[in-house]
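Worksheet for the structure shown next.
The values are calculated or read from the model by the stated rules, or taken from the named source; none is laboratory data. These numbers come from a predicted model, not from an experiment. Cβ coordinates were reconstructed from backbone atoms using ideal geometry, including for glycine residues, and neighbour counts include every protein chain displayed. Remember, those area values only see protein heavy atoms, side chains included, never the ligands or the DNA or RNA. Shrake-Rupley method; radii C 1.70, N 1.55, O 1.52, S 1.80 Å.
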Amino acid sequence: MRAQGSPSPRKLAPPGSAGQTCHVTDTSPASYDRSILLGAYLDAVAEYSKLERKTGMEAEDAYVGWSPDAVVRSKSRLAFLADLERLFGVDLGLPTPRFSSNDSRQRVRLTFLHQTAQSYHAIATPFSGYMEAGGLVNAMEDVGVAAAVLDSCDRMQVPVETLRQQHLELLDTVLRGLLGERADAVYAHDDPAATHIVVPDPWDPWD
């Protein structure tokens, strides 16, 4: 393990977030730092939301009807966070932060982190969720407002991206506090403490 300056907060939403493109690669992260932990946390928050915060056998029941690939991806993301939590010596309280600690102030911190992550995932624009907007554009052209609609949506992008970045910076700040002296820790792949970590395949980098 080595220490360095604070990792910069990510500037892209994690794959699958509203309005974002998923950049999938076979290349694993070069090392594990706070930004990787934050990304894994955000992915896990999204997965637990789909599972309605269920764990164990209840989670297995919740996976019924999912595609095999989706189940593997979900489980690998949850396992990745668990591995990183052990690496950094921190419990981030998922899936239910308010019941995760006997320390009342720690529960408050973890709950705020979780609420901020949920708020981050909720950021969207009217175009969010559209895989292809051609049909919408055509429908708006029929009534003569396509250009105005597109212009309005384009102007929303800057404040939306600003809001996403503000959320990431806040999440990073809280996570730094939770990690304490390990906030700036960086673990190489060959670090004995990190050899057990299995990176989700495919790896979805944020930047």
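Side notes on the structure shown:
- Residue in the range 159-166 that is closer than 27 Å to ARG109 by Cβ, open to solvent by less than 30 Å² (accessible area, probe 1.4 Å) and touching a strand residue (DSSP E or B) at 6+ places or on another chain (Cβ under 8 Å) present: no
- Residue identified as open to solvent by 10 Å² or more (accessible area, probe 1.4 Å) and at pLDDT 90 or above among ASP33, ASP26: ASP33
- Here ARG107 passes the criteria (1) out of contact with any Pro (no Cβ under 8 Å at 6 or more places or on another chain); (2) in contact (Cβ under 8 Å) with a residue 12 or more places away in the chain; (3) open to solvent by 40 Å² or more (accessible area, probe 1.4 Å) except the one numbered (1).
- Taking the range 38-134 and the helices (runs of 4 or more DSSP H) fully enclosed by it, the elements with 3 or more residues that are modelled with pLDDT of 90 or more and among the hydroxyl-bearing types (Ser, Thr, Tyr) are at 104-122.
- Pair list, Cβ under 8 Å, 6 or more apart: the range 67-83 residue closer than 15 Å to GLY93 by Cα, other residue part of a helix (DSSP H, G or I) and open to solvent by 30 Å² or more (accessible area, probe 1.4 Å): LEU78/TYR48
- Condition check for LEU150: hydrophobic (A, V, I, L, M, F, W, C), open to solvent by less than 70 Å² (accessible area, probe 1.4 Å), assigned to a helix (DSSP H, G or I) and in contact with a Leu (Cβ under 8 Å, 6 or more places away or on another chain): no
- Close contacts from the range 137-154, counting a first residue that is under 16 Å from ALA124 (Cα atoms) and without any contact (Cβ under 8 Å) to a residue 24 or more places away in the chain and a second that is in a helix (DSSP H, G or I) and open to solvent by 60 Å² or more (accessible area, probe 1.4 Å), with Cβ to Cβ under 6 Å and a gap of 6+ residues or different chains, come to none at all.
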